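All remarks here apply to the structure that follows.
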Amino acid sequence: MAGLRIEIRGTVQGVGFRPWVARLARRNEVTGAVWNDARGVRIEAFGLEVQLERFLEELRRDSLPSARIVELRETEIAERAASTFVIGASDGAGDKVLSIPPDLATCSDCERELHDAADRRYRYAFTNCTSCGPRFTIATGIPYDRALTTMAAFKMCSECQREFEDIDDRRFHAQPNACPKCGPSLRLVAMGGRVMMARDPLLATTKLLAEGAIVAIKGLGGFHLACDATNEHAIASLRERKRRDEKPFAVMVANLSEAESVAELSEAERALLTSPERPIVLVRRRAGLAISDQVSLDTPFLGLFLPYTPLHHLLLEMVDGPLVMTSANVSEEPICRDDEEARRRLDGIADALLLHDREIAMRCDDSVARVIAGVPTLLRRSRGFVPRPFLLEHSIAEPILACGAHLKNTFCIAAEDMAYFGPHIGDLETVAALDFFEEAVERMQDILSIRPTILAHDLHPAYLSTRYALSRNEVRHVGVQHHHAHVVSAMAEHGRSGPVLGLAFDGTGLGDDGTSWGGEFLLCFAGYFERLATFRPLRLPGGNVAMKEIWRVAYALLHDSYDGRPPIESMDVFESVPKESQRLVGQMLERDLNAPAAHGVGRYFDAFGALGLGRPSASYEAQVAIAWDFAATPDHRQAYPFEMDEAQTPTEIDLRPTARAAVEDLLSGLDKGIVSARFHNTIVDASVAIVERLLGARGDMPVVLTGGVFHNSKLSAGIAHKLANKYEVLRHSKVPAGDGGIALGQALIADAILGDKG
Ligand code: ZN
Ligand code: ZN
Ligand code: FE
């Protein structure tokens, strides 16, 4: 006989982990106990050595879909007499759930009950159990007990209570447990606030949607705006009312076979779509679909997701077709959370509201994922993932709040050897977004019981996240360079401490020389970086306005490439641009006035995309750059010339020869798809050439690909493929490559910098 103490960390509380452990133990005739403690779950197990070994092996191998083990440690202890295996015994935190799990998509057992006419939860929109349902979005504090969730308002009926107390029941300690008798209920409300009398609010919603209406639907972490995805007219009016310019809308379909019918899915994409986190997955749409092209302009991709609440399941079955389900907000403001707010902010956008009486404690937008060159990658990490922690390689000295970037903001709180991302906040450009940021920071600090004493922030003084950090003067501040943070985020994901050569390609980010960076080759450690190479800067005539009026960047590229005599007249893109504006831009460039330099690879995508596609403006960040990506002819192998200017420090990649060759091709009438492919191949070749030159001089080290430009799969695949036989290439997967992933790097850099000084 022997004894083992097993300590498990990760998402193991509030997900049915202890009953699962108890079942494994009993199956292996192991005795002892399992309970939650402050750091996760602790097990003491006794039995024959062979039984303990099998138990341990099954713990490691068999996964509980709703749980995520990040660390499992075992130590031998003295054998003790125990007759059974029990849950939540004796000491420590006992039964209290001290860490809150993420929201989990409806499990298959609950889905079955939903469709079982004999079940007491038949067609009940709030069915959940220990392995599924709301968690983070209903938590108002810790420990995670019903009293500290927005389910506190509902008193469990005797049947629900019995399930809740029965160790062998699927709903043992399922805090949001509910049924039609005692739980939340639906109601359909007109925009004026009048409750629309309907015996079945879902059926009435279905009818409205079939008529082409836009209905705001209260979900898990906020409201969605829903409309029929096959109805051009409904989608056009949604675009107009939501002022969403031309950004793609996400589409929800009833199940995987519906998804197969609208998109070509790989195995990895199927796995993402059906995962308990249920992100929106960007997948290649099939041609000739009923789904309107208006849903996703400019891209052959569709943001697709499957139902993740019982309400979604019921709704999608009843409408019997795809639904647009987009975050309910105006432009980039935060997603709506409470009923009153929805009524106010969605006035003039939605035709009706499908509400329920379970409050949302915490906003949490849908997550977005895509398989990029074979690697499942999170583009936005939010609902389903937050607040699941990352285990760090080493403990940090003091608790840190990293405030993130400006666009696609996400913050991160780190303490000891764990880092927790907050929910997706969005672009920090409005007061509403800043309010949400501050509220979310407070809430996360509370539920994690962490009081950061250090604030890490971007170097850019005008970012609202920076201003927020500097306004809190009770703590220490550390400014972190944007691209250094990108690289260190990726390093952390792979548990590396450096040195690495980081390729940080994005649109913008303030460099420590005061210029805008974004085509960087950085030698990185956590606390230190050296800028070894970059792209020759482009001028942005008029400054920020050139982000949307991308013809200005195209003009600047030509001006630079043709020594001040750009062939403006012959390029289509300038046709619709007023002559006066062109003249002003020409002057700015000649006199070097109001035309700041920018190294971002994203700016080159804008410039070449504008020239190649003849599109003078983008309605949102990277719109034309993305269209340029998708325009490329697959498998075309040729590239354009480029130069490497080693007289500069750092070394510069000079794309002026590339621009001249592309212009020649375009003027000769060559297919723009070929021009795009050659442009992509050139960026790949130039990047690989620089990496080989730099590492040839410095010796091998891993190469990190990071920054939003690496959401471009041709670039990721091209560079990774060409480097892979010589170097180890590290790419993002669980932490977004774009600005949504930057906060983790900020936290680790702040810790390293302060650690060095102290
Ligand atoms: Zn369930
Ligand atoms: Zn009940
Ligand atoms: Fe960035």
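Taking segment 510-530 as the range and being open to solvent by 10 Å² or more (accessible area, probe 1.4 Å) and out of contact with any Leu (no Cβ under 8 Å at 6 or more places or on another chain) as the test, the residues that pass are Asp513, Gly514, Thr515, Phe525, Gly527, Tyr528.
Considering only segment 717-725, I want to know if a residue exists there that is of a type in the set (Lys, Arg) and either buried (at least 21 other Cβ atoms within 10 Å of the Cβ) or in a helix (DSSP H, G or I) (or both). Yes, segment 717-725 contains a residue that is of a type in the set (Lys, Arg) and either buried (at least 21 other Cβ atoms within 10 Å of the Cβ) or in a helix (DSSP H, G or I) (or both). Against the condition over 30 Å from Cys129 (Cβ atoms), surrounded by fewer than 24 Cβ atoms within 10 Å (Cβ to Cβ) and of a type outside the set (Val, Ile, Thr), how does Asp320 come out, does it pass? Considered against the rule, which asks whether it is over 30 Å from Cys129 (Cβ atoms), surrounded by fewer than 24 Cβ atoms within 10 Å (Cβ to Cβ) and of a type outside the set (Val, Ile, Thr), Asp320 comes out as no.
Residue-by-condition table, conditions (1) open to solvent by 10 Å² or more (accessible area, probe 1.4 Å); (2) modelled with pLDDT of 95 or more; (3) not assigned by TED's automatic domain parsing to the domain that holds Ala625:
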| position | (1), (2), (3) |
| --- | --- |
| Val251 | no, yes, yes |
| Glu264 | yes, no, yes |
| Ala271 | yes, yes, yes |
| Ile280 | yes, yes, yes |
| Asp298 | yes, no, yes |
| Phe305 | no, yes, yes |
| His312 | no, yes, yes |
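Can you find a residue that is modelled with pLDDT under 95 and open to solvent by 40 Å² or more (accessible area, probe 1.4 Å) anywhere in segment 546-559? There is at least one residue in segment 546-559 that is modelled with pLDDT under 95 and open to solvent by 40 Å² or more (accessible area, probe 1.4 Å).
Which residue out of Glu246, Glu211, Glu258, Glu240 is surrounded by fewer than 19 Cβ atoms within 10 Å (Cβ to Cβ), in contact (Cβ under 8 Å) with a residue 24 or more places away in the chain and closer than 22 Å to Gly348 by Cβ?
Of Glu246, Glu211, Glu258, Glu240, the one residue that is surrounded by fewer than 19 Cβ atoms within 10 Å (Cβ to Cβ), in contact (Cβ under 8 Å) with a residue 24 or more places away in the chain and closer than 22 Å to Gly348 by Cβ is Glu246.
Residues in segment 334-363 that are crowded, with 19+ Cβ neighbours inside 10 Å and under 28 Å from His406 (Cβ atoms): 12 in all.
Restricting attention to helices (runs of 4 or more DSSP H) lying wholly within segment 1-119, give those where 1 or more residues are open to solvent by less than 30 Å² (accessible area, probe 1.4 Å), among the acidic types (Asp, Glu) and touching a Ser or Thr at 6+ places or on another chain (Cβ under 7 Å). Let's see the steps before the verdict.
Numbers: elements: 17-27, 49-61, 108-114.
Counting at least 1 such residues, we get 108-114.
Determine, yes or no, whether Gly507 is open to solvent by less than 20 Å² (accessible area, probe 1.4 Å), more than 16 Å from ligand 2 (Cβ to nearest atom) and either free of Cβ contacts under 8 Å to residues at least 60 places away in the same chain or assigned to a loop (DSSP other than H, G, I, E, B) (or both).
Values: open to solvent by less than 20 Å² (accessible area, probe 1.4 Å): yes; more than 16 Å from ligand 2 (Cβ to nearest atom): yes; either free of Cβ contacts under 8 Å to residues at least 60 places away in the same chain or assigned to a loop (DSSP other than H, G, I, E, B) (or both): yes.
Against the criterion (open to solvent by less than 20 Å² (accessible area, probe 1.4 Å), more than 16 Å from ligand 2 (Cβ to nearest atom) and either free of Cβ contacts under 8 Å to residues at least 60 places away in the same chain or assigned to a loop (DSSP other than H, G, I, E, B) (or both)), Gly507 qualifies.
Please tell me if Phe172 is under 29 Å from Pro276 (Cβ atoms), crowded, with 23+ Cβ neighbours inside 10 Å and out of contact with any strand residue (DSSP E or B) (no Cβ under 6 Å at 6 or more places or on another chain). For Phe172, the condition - under 29 Å from Pro276 (Cβ atoms), crowded, with 23+ Cβ neighbours inside 10 Å and out of contact with any strand residue (DSSP E or B) (no Cβ under 6 Å at 6 or more places or on another chain) - is not met.
Only one of the numbered conditions (1) within 22 Å of Asp671 (Cα to Cα); (2) open to solvent by 10 Å² or more (accessible area, probe 1.4 Å); (3) part of a helix (DSSP H, G or I) is violated by Ser576, and that is (3). When Arg343, Arg337 are checked against the criterion of being part of a helix (DSSP H, G or I), at pLDDT below 95 and in contact with a strand residue (DSSP E or B) (Cβ under 8 Å, 6 or more places away or on another chain), a single residue qualifies: Arg343. Residues in segment 193-218 that are at pLDDT 95 or above and in a loop (DSSP other than H, G, I, E, B): Glu211, Gly212, Ala213, Ile214. Scanning segment 446-461 for residues that are open to solvent by 30 Å² or more (accessible area, probe 1.4 Å) and either under 21 Å from the mean Cα position of the chain (by Cα) or in contact (Cβ under 8 Å) with a residue 40 or more places away in the chain (or both) returns Asp446, Leu448, Ser449, Arg451, Thr453, Leu459, His460.
Would you say Ala492 is under 30 Å from Val70 (Cβ atoms) and more than 16 Å from ligand 2 (Cβ to nearest atom)?
Numbers: under 30 Å from Val70 (Cβ atoms): yes; more than 16 Å from ligand 2 (Cβ to nearest atom): yes.
Against the criterion (under 30 Å from Val70 (Cβ atoms) and more than 16 Å from ligand 2 (Cβ to nearest atom)), Ala492 qualifies.
Output the residue which, of all residues in segment 120-147 that are free of Cβ contacts under 8 Å to residues at least 60 places away in the same chain and either open to solvent by 60 Å² or more (accessible area, probe 1.4 Å) or within 16 Å of ligand 3 (Cβ to nearest atom) (or both), is nearest to Gly221 (Cα to Cα). My answer is Ala147.
The values are calculated or read from the model by the stated rules, or taken from the named source; none is laboratory data. Predicted model, so just to flag it, every value in this text is computed and none were measured. Using ideal geometry, Cβ is built from the backbone for each residue, glycine included, and neighbour counts are taken over all protein chains shown. Only protein heavy atoms, including side chains, enter the accessible area calculation; ligands, DNA and RNA are left aside. Shrake-Rupley method; radii C 1.70, N 1.55, O 1.52, S 1.80 Å.
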